[in-house]
Each structure stands twice: as C-alpha cells, then as structure tokens.
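All remarks here apply to the structure that follows.
The values are calculated or read from the model by the stated rules, or taken from the named source; none is laboratory data. What you see is a predicted model, and the numbers here were worked out from it, not measured in a lab. FYI the Cβ positions are ideal-geometry reconstructions off the backbone, even for glycines, and counts take in every protein chain you see. Accessible surface areas use protein heavy atoms only, side chains included; no ligands, DNA or RNA. Shrake-Rupley method; radii C 1.70, N 1.55, O 1.52, S 1.80 Å.
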Amino acid sequence: MSRTPGRKQDSHKISRELFVLTYGALVAQLCKDYEKDEDVNSCLDKMGYGIGIRLIDDFLAHSDVKRCRSYSETADMIAQVAFKMYLGVTPTVSCSSAAGNEFSLILDKNPLVDFVEELPAERASLCYCNLLCGVIRGALEMVHLAAEVTFLQDRLKGDAVTEIGITFLRKAEDKKAKKK
Amino acid sequence: ARLGIICRPPQNYPLYIRSVPTENELKFHYTVHTSLDVVDEKISAMGKAMVDQRELYLGLLYPTEDYKVYGYVTNSKVKFVMVVDSSNTALRDNEIRSMFRKLHNSYTDIMCNPFYNPGDRIHSRAFDNMVNSMMMQVC
C-alpha cells in the first residue's frame, strides 16, 4: 500500500506478499486461539471495525471525493475509490433491493486470498476476509452511515464469486458537511 | 515411471510422494530413500559455498540399471528427488531442471498458505494438478 505523494516526500510501497502473509498469519493465529468459526469471524470483524474508524480519515485526506448524495454513490465510492486505493482491485457494484439501500460488491480478484487454496475442512464456515466487512462498517459509521456488511458469497467456500453485501440502515443526515 | 518426493530435515520424512504407474511403489520408495543419503553426501561435499541458485540442482545422483535419480535441494534444506526410467532417454537435463524449478515454485506457494503447517504432508489440489501435468509430459 502506498501513500499518495504530497503528504510526505517518501512514497515507498510495502510488498504485497508481506501484507498477504501477515493477514494469513493473523487468521491462522485466530483459528488456533478460538475453536468456533463464529468467534473467529466476530473477532476479525471487530478488528476490522477498529481499522475502519481510523482508516476513513486517511481515505478522506488522500482522495479528493465530493460529498456523496445517495447510498448508491457511497457504494460506488467504496468500490471504485477505496478498494482501488487500498487493495488495488475494483469490485463491481450492484444494487440488490428496490428500496435502494442494499448493495453488493462483487470481487473477482481478492488479493488477501492469494495463497489460500481452500479453507481447511474443520473451518468450513470461516469468513476468511471478514476483516474487510469490519473495515467498511467502521468507516461508514464514522461518517454517520450505519450499515451491516457481510459476505454473501465466498470463493473459498466454493461459490463462484466473492460478494460483499452492504445494507444501509438509516437515512443519511443532510445537515453536516460530511463526505464519504 | 516416475516418482517425486520432498523431504524436510531433520527427520527426512516424505511430505509428498507420487508415482506413475503405481505398481512397484515400494521399490520406488526404497530407491528414493537411499538416494537421500547421496543427496546428503553431495551437500556436505559442497561445503559452505552452497548458496548459489545453480547449486540447488544436484543433477544425476546415481544411475542404476533401471532408473536414473535426480536431486534438488533448496537453501532451506528441503530435498526434492525424481526417479525416471533409464529407458526414457528423451528427457534432457534442462527439462529436468525446469521440472524441479516448477516443483520448487509450487512448494513455496504451499508454504505461503497460512493454514499449512511446515512439516505436514502436502494435500493441495493445485500441487497435485501441477505434478500430474508434469508426469503426463514425461510418461
């Protein structure tokens, strides 16, 4: 992950392999610490939440985004700007409800699972990338958008694609000048 | 017929064995285990200079009347052994080298899997597919 120039003079990148291996080590250690998959999943979600509430400021500082006027703009922003900036991939966004508050991001390439071929047999309901759900949830909460974020489909579990579902829970407030 | 085997020190037990066709498998296992001694000999003969990439490929370990045995050892002392029929004279040295390189690359991918514990037997579909396609090429 690199920092955009202009903030500091250095724009060094960290190796992608190091990041992917670090994430893998994190998940493997959690699997050793907790017996149940649900515990590991919720732990990853909490960690992701902690990252998300801090990452949002970094994101807003580095990306020149306008204020989002609708949920679908927000979802597009997450997919096309945030994912691109931090993970280098761009999921496709689709709206999956008539009310306009449920969206899904479809990832056809997920760098976090580069080295993981498939989940071990005893961990069949592990959401390997659940950290991402927590990050999105935390980031949205800091801009006053409550949302539920979960994995709807997961390639590691045998589905065809990896799909993250975002459900916005409340109407966005219009008063303050918030951006996402 | 061919057999590949990967062994890790210090116990030198096999992490992965595959042979095609599968009869006479015990004889292959025996050949491979004895060739591990030859690998150890070669490593110790090279001494401390064994850090060059070219040195990883050990070449023909020893020919018997039926088989030729080739060896390859990584810097982390993981040994790869390949046994081919002597009748298979079409295999050239650089083909063997490239097969070992593919094995090594696939092995590093397995090591990067966070759920794989070093020392476990290898049960990876991607690895199996790679080995199968290599064996198809040879046999």
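Considering only protein heavy atoms, with the full assembly of protein chains and a 1.4 angstrom probe, order A:D33, A:D154 by accessible area, largest first.
A:D33, A:D154
Using the heavy atoms of the protein chains and a 1.4 angstrom probe, tell me the accessible area per residue for region A:25-142 in square angstrom.
49 Å²
Angle check, please: helix A:37-62 long axis (alpha carbons) against the longest principal axis of chain A (alpha carbons), in degrees 0 to 90, nearest 10.
30 degrees
Per the 1.4 Å probe, what fraction of the accessible area of chain A, in percent, lies on carbon and sulfur atoms?
Ligands and nucleic acids excluded, carbon and sulfur reach 52 percent.
Can you give the convex hull volume per residue for the Cα atoms of chain A, as a whole number of Å³? Write out the running numbers ahead of the final one.
Numbers: hull volume 20.8 nm³, N = 180.
Roughly 115 Å³ of hull volume per residue.
Can you give the net charge of the other residues whose Cβ lies under 11 Å from the Cβ of B:V39, counting K and R as +1 and D and E as -1?
Overall, the nearby charge balance is 0.
Taking chain A as the reference, fit the longest principal axis to its C-alpha atoms, fit the long axis of helix A:130-142 to the helix C-alpha atoms, and give the angle between the two in degrees, 0 to 90, nearest 10.
The angle comes out near 20 degrees.
If the elastic network links every pair of Cα atoms under 10 Å, which of A:V161, A:V116, A:V93 fluctuates the most in the Gaussian network model of chain A?
Looking only at A:V161, A:V116, A:V93, the largest GNM fluctuation is found for A:V116.
Given a 10 angstrom Cα cut-off, can you work out which residue in A:K66, A:K46, A:K13 is the most mobile in a GNM of chain A?
A:K13
Could I get the Rg over Rh figure for region A:83-139? Both from C-alpha atoms, Rh via Kirkwood, rounded to two places.
Working: Rg = 13.6 Å, Rh = 13.4 Å.
Over the Cα atoms of region A:83-139, Rg/Rh equals 1.02.
Summing both sides, how much accessible area is buried between B and A? Use a 1.4 Å probe and give Å² to the nearest 100.
Numbers: alone 7780 and 10570 Å², together 17460 Å².
For chain B against chain A, roughly 900 Å² becomes buried.
Using a 1.4 Å probe and ignoring any ligands, DNA or RNA, find the accessible area of B:H104 and quote it in Å² to the nearest 10.
Taking all protein chains as shown, B:H104 has close to 40 Å².
Count, for each residue of A:114-121, the Cβ atoms from other chains sitting within 10 Å of its Cβ, then give me the mean as a whole number.
Other-chain Cβ atoms within 10 Å of each residue's Cβ, averaged: 5.
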